[in-house]
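Right, one structure below, let's go through it.
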Amino acid sequence: MKNYKEFPEYVRKLPWKFDVERLQKELQSIKPLMVLWDYGASHEVGAGKGFSFVHVENCSDDEKTTQGIYSHPSLHHKHVDKSYAFEIKHNFKNREIMNGTLISTKLKKTRSAYHQNSGVFNEDYKHTEFYNVYKTLSKYYIIDKFRIIMLPPFSTVDWHNDADESLHIPIEINPACRFVIDNLSYYLPADGSSYQSDNCFHHTIFNAGTTDRYNLLVGVTGHKEGSYRLCQHYMRSEFDSQLNDTLYIAKPIKEVTHEELWKAEDYK
């Protein structure tokens, strides 16, 4: 079994902060417009929903807020190899693909078509704080998707990995929400802060609380000057997590030794 050579960093807090109270207020009119988001989400207590602010040129009005919500790379891009996009996301059983060099090669080929933002921002929402977020982040990143994702109480998404990094601005959150990447769990508070995550490793999100979780999720397919590079697979193709070991499921639980067993005479 492989061990980390250094403590991994899968999530970093970015220097840009936004008006979360305004985001929360503007979210209320968007909630009724959200549609089914991810078919990999748990539907036992209700499905996750999404709303997209970005769409392709000449998109029909009835698809402008739904076209970009789904959790795969931009498959509407004719240059993107769909087999790579599917293979890199749905590989829980085929862990050999998680070799760092293979990931690096596949990500570079999948992302090679991205040289500019993949869509336009919906004109109907350019008066909002969401557009302020988009304008700020698009100065530094090539943005593929820009969407609100709702995860209902007591639900999660499948254990998967993506072909890109993500930016996050939590809008409505509760203390029982977690973002889990590899062996690490993160709590991202809704205080206007922005975060960047390396989603090339297996990860999930779950909402174990009693209120809906709303997160502004921004898909990143490239970097501009002034951005932060978190994904390790371009610079270090050999970079692996423990999940690259095909026998690895999770960090083993430490076994209790015989000397640690309770002895009555020790507590007299």
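The values are calculated or read from the model by the stated rules, or taken from the named source; none is laboratory data. None of the values given here were measured: they were computed from a predicted structure. Cβ placement follows ideal geometry from the backbone for every residue including glycine, while neighbour counts extend to all protein chains displayed.
Laid out as a table, the results:
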read-out	value
Every pair of residues 6+ apart whose Cβ atoms lie under 6 Å, when the first sits in region 3-16 and is at pLDDT 95 or above and in a strand (DSSP E or B) while the second is small (Gly, Ala, Ser) and surrounded by 12 or more Cβ atoms within 10 Å (Cβ to Cβ)	Lys13/Ser193; Leu14/Ser194; Trp16/Ser194
Selection status of Phe146, at positive phi and of a type in the set (A, V, I, L, M, F, W, C)	no
Ser185 vs. criteria of a type in the set (Gly, Ala, Ser) and within 14 Å of the chain's Cα centre (by Cα)	yes
Options Ser194, Ser155: the member that is closer than 19 Å to Glu9 by Cβ, surrounded by fewer than 22 Cβ atoms within 10 Å (Cβ to Cβ), touching a residue at least 24 places away in the same chain (Cβ under 8 Å) and in contact with a Ser or Thr (Cβ under 9 Å, 6 or more places away or on another chain)	Ser194
Residue in region 200-217 that is surrounded by the fewest Cβ atoms within 10 Å (Cβ to Cβ), counting only those that are of a type in the set (Val, Ile, Thr) and at pLDDT below 95	Thr204
Any chance Asp266 is charged (D, E, K, R) and at pLDDT 75 or above	no
Those residues of region 162-185 which are part of a strand (DSSP E or B) and either modelled with pLDDT of 95 or more or basic (Lys, Arg) (or both), in sequence order	Leu167, His168, Ile169, Pro170, Ile171, Glu172, Cys177, Arg178, Phe179
Region 25-55, residues that are surrounded by 15 or more Cβ atoms within 10 Å (Cβ to Cβ), at pLDDT 85 or above and not charged (D, E, K, R)	Leu27, Ile30, Met34, Gly48, Gly50, Phe51, Ser52, Phe53, Val54, His55
Within region 59-155, helices (runs of 4 or more DSSP H) holding 1 or more residues that are farther than 26 Å from Glu172 by Cα and either modelled with pLDDT of 90 or more or of a type in the set (Lys, Arg) (or both)	82-89, 100-111
